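Read through the structure below, which is laid out as structure tokens, and then see the notes.
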Amino acid sequence: MIRRIVNTLLLILAMNWLLLALYVGLEPVFIVLAAFAAILLQIIINAAPCRVANSAHRLRSVRRGYELLLLFSASFLVNAAVNIFVGVALVPGVFKWWVLVINIAVCLIFELALLLNGLFRAFLTSLQLGIKWRVLVFFFWWMPGVNVFLLSKVCRLLRDEYEFETMRNELDHRRGDSEICRTQYPLVLVHGVFFRDFRYFNYWGRIPKALMRNGAVIHLGRQQSAASVKDTAGELAARIEEIVRETGCEKVNIIAHSKGGLDVRYAVSRLGLDRYTASVTTINTPHRGCHFADTLLEKTPEKVKNTIARRYNAALKKLGDTNPDFITAVTDLTASSCRRFNEETPDKDGVYYQSVASKMIKWTNGKFPMNLSHILVRPFDGENDGLVSVESAKWGSRCIILTPDGQRGISHGDVIDLNRENIDGFDVRELYVDIVKGLKAMGF
């Protein structure tokens, strides 16, 4: 706080260097030196507006972006008042008009540098601004009143992000030596439908890094994104057998999201993967299917379905799927299909099963597109996460039902940190740490 006040005062002095130099009667050579000093001070404060200790590079940038925007806000208000006062009370008596014009121009240039630097850092490194606020700032920065609201909103988001992530890092640092997620068997994270495990797009968001910081050993399922449960289960079985063979780990703990949970259950129950599986944790998996999917497939004309499927399959093939089958993948998620699936795919003795379920509460508080799909699914499936109902997601010996405070709720994407969003009352990374910590306590 003290440094912020000092920086604000220094910036105001630097921006009004011409008024000060002329007011005290400096010689021309000293006026030029004062100009260089003002520019140097601006560069220094723009480069490092505050000290940020023990933070990752991204968080340092977030914090400094926040500080720069605060400095801009405070100095802009004071400079506006200073220049208005000079124009009303000291021109033309003490200063000439051209002095005021130059001073205003200098102030605007320096203020613009602060604003752009702060926004650039925020836009480049913040995970919480999201696309919406970036777009709104980009298009409405010029609109009086609206730009003040947007600036205050951006500052709040940056401040909350820095404080939350700093607290999170401190928590992981304090318990780092205990390795609470170092399970006996490694973890295999299995993605859901229409996604793949890409190097530069992490399906699981910030979750794997949080788990590894606490000692977890992680592998990825790497099955194709859109195929029948039977086909993707076969790929998963081969993948996990490969992991066991190469690492000598004997067994694995599987955490699977969405359709991935059905793929895993099939592989464990019908492809012999139970001998390599210690536990199965499903995250918002439609174990009892989605009634909405039945209705959608039934009501949609064949021509429309085939056109959508053809385009999806072509796109998914370019992304790495060997034999994508959009229609079959969706059909396997229907309530009627899952009813048969559950009859034919019993849980295996010796494998521990548990699940996680969540729901959205107020759709207007959720992220697109889950907020819209939540409205469509609810009449057919009841309380849901935007795709899967709470009842459908329940499976195994234990079900964790996520019920955070407030009206936000937790969507199908939130449980895999799809938007990298910090949600009040819910830390998705800590959810997975608790799950894995529980597996470790059970000897898995």
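The values are calculated or read from the model by the stated rules, or taken from the named source; none is laboratory data. These figures come from a predicted structure and were not determined experimentally. Every residue, glycine as well, gets a Cβ built from its backbone with ideal geometry; the counts of neighbours run over all protein chains shown. Quick note on the areas: whole protein, heavy atoms, side chains included, nothing else; ligands and nucleic acids left out. Shrake-Rupley method; radii C 1.70, N 1.55, O 1.52, S 1.80 Å.
Residue check: Arg339 meets all listed conditions (1) part of a helix (DSSP H, G or I); (2) under 21 Å from Val415 (Cβ atoms) but one, namely (2). Among the residues making up segment 352-392, those that are among the aliphatic types (A, V, I, L, M), in a helix (DSSP H, G or I) and over 13 Å from Gly289 (Cα atoms) are Met370, Leu372, Ile375, Leu376. Residues in segment 56-85 that are open to solvent by 10 Å² or more (accessible area, probe 1.4 Å), farther than 30 Å from Thr166 by Cα and in contact (Cβ under 8 Å) with a residue 12 or more places away in the chain: 3 in all.
This table checks each residue for (1) part of a helix (DSSP H, G or I); (2) modelled with pLDDT under 90; (3) closer than 19 Å to Val101 by Cα.
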| residue | (1), (2), (3) |
| --- | --- |
| Arg4 | yes, yes, no |
| Leu22 | yes, yes, yes |
| Val32 | yes, yes, yes |
| Asn54 | no, yes, no |
| Gly65 | yes, no, no |
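Condition check: more than 24 Å from Val268 (Cα to Cα), surrounded by 15 or more Cβ atoms within 10 Å (Cβ to Cβ) and acidic (Asp, Glu). Does Asp405 satisfy that? So Asp405 does not fit the description; no.
One residue stands out among those in segment 294-334 that are aliphatic (A, V, I, L, M) and within 15 Å of Asp231 (Cα to Cα): the one that is surrounded by the fewest Cβ atoms within 10 Å (Cβ to Cβ), which is Ile327. Scanning segment 158-186 for residues that are of a type outside the set (Phe, Trp, Tyr), over 30 Å from Ile243 (Cβ atoms) and either out of contact with any helix residue (DSSP H, G or I) (no Cβ under 7 Å at 6 or more places or on another chain) or open to solvent by 50 Å² or more (accessible area, probe 1.4 Å) (or both) yields Arg159, Asp160, Glu163, Met167, Glu170, Arg174. Val94 meets the conditions (1) open to solvent by 50 Å² or more (accessible area, probe 1.4 Å); (2) closer than 30 Å to Pro369 by Cβ; (3) among the aliphatic types (A, V, I, L, M) in every case but one. The failed one is (2).
Of the residues Asn103, Asn7, the single one that is in contact with a Cys (Cβ under 9 Å, 6 or more places away or on another chain) and open to solvent by less than 20 Å² (accessible area, probe 1.4 Å) is Asn7. Residues in segment 222-232 that are buried (at least 24 other Cβ atoms within 10 Å of the Cβ) and either basic (Lys, Arg) or in a loop (DSSP other than H, G, I, E, B) (or both): 3 in all. Being closer than 29 Å to Tyr162 by Cα, among the small types (Gly, Ala, Ser), in contact (Cβ under 8 Å) with a residue 12 or more places away in the chain and not in a loop (DSSP other than H, G, I, E, B), is that true of even one residue in segment 36-45? Checked against the condition, which is being closer than 29 Å to Tyr162 by Cα, among the small types (Gly, Ala, Ser), in contact (Cβ under 8 Å) with a residue 12 or more places away in the chain and not in a loop (DSSP other than H, G, I, E, B), segment 36-45 yields no hits at all. Of the conditions (1) of a type outside the set (Asp, Glu); (2) open to solvent by 20 Å² or more (accessible area, probe 1.4 Å); (3) out of contact with any Leu (no Cβ under 9 Å at 6 or more places or on another chain), Ser337 fails just one. Which one is it? So Ser337 meets the others, but not (2). Taken over segment 187-216, the criterion of being part of a loop (DSSP other than H, G, I, E, B), touching an Asp or Glu at 6+ places or on another chain (Cβ under 7 Å), open to solvent by less than 20 Å² (accessible area, probe 1.4 Å) and over 15 Å from His173 (Cα atoms) is satisfied by His191, Tyr203, Trp204, Gly205. Within segment 413-429, being closer than 19 Å to Asp160 by Cβ and touching a residue at least 40 places away in the same chain (Cβ under 8 Å) holds for Asp414, Asp417, Asn419, Arg420, Glu421, Asn422, Asp427, Val428, Arg429. I'd like the residue in segment 327-378 that is over 30 Å from the mean Cα position of the chain (by Cα) and of a type in the set (Gly, Ala, Ser) and, out of all such residues, is nearest to Asn253 (Cα to Cα). Ranking the qualifying residues of segment 327-378, first place goes to Gly350. Restricting segment 268-299 to residues that are touching a helix residue (DSSP H, G or I) at 6+ places or on another chain (Cβ under 8 Å) and among the hydroxyl-bearing types (Ser, Thr, Tyr) leaves a set whose member that is farthest from Leu402 (Cα to Cα) is Tyr276.
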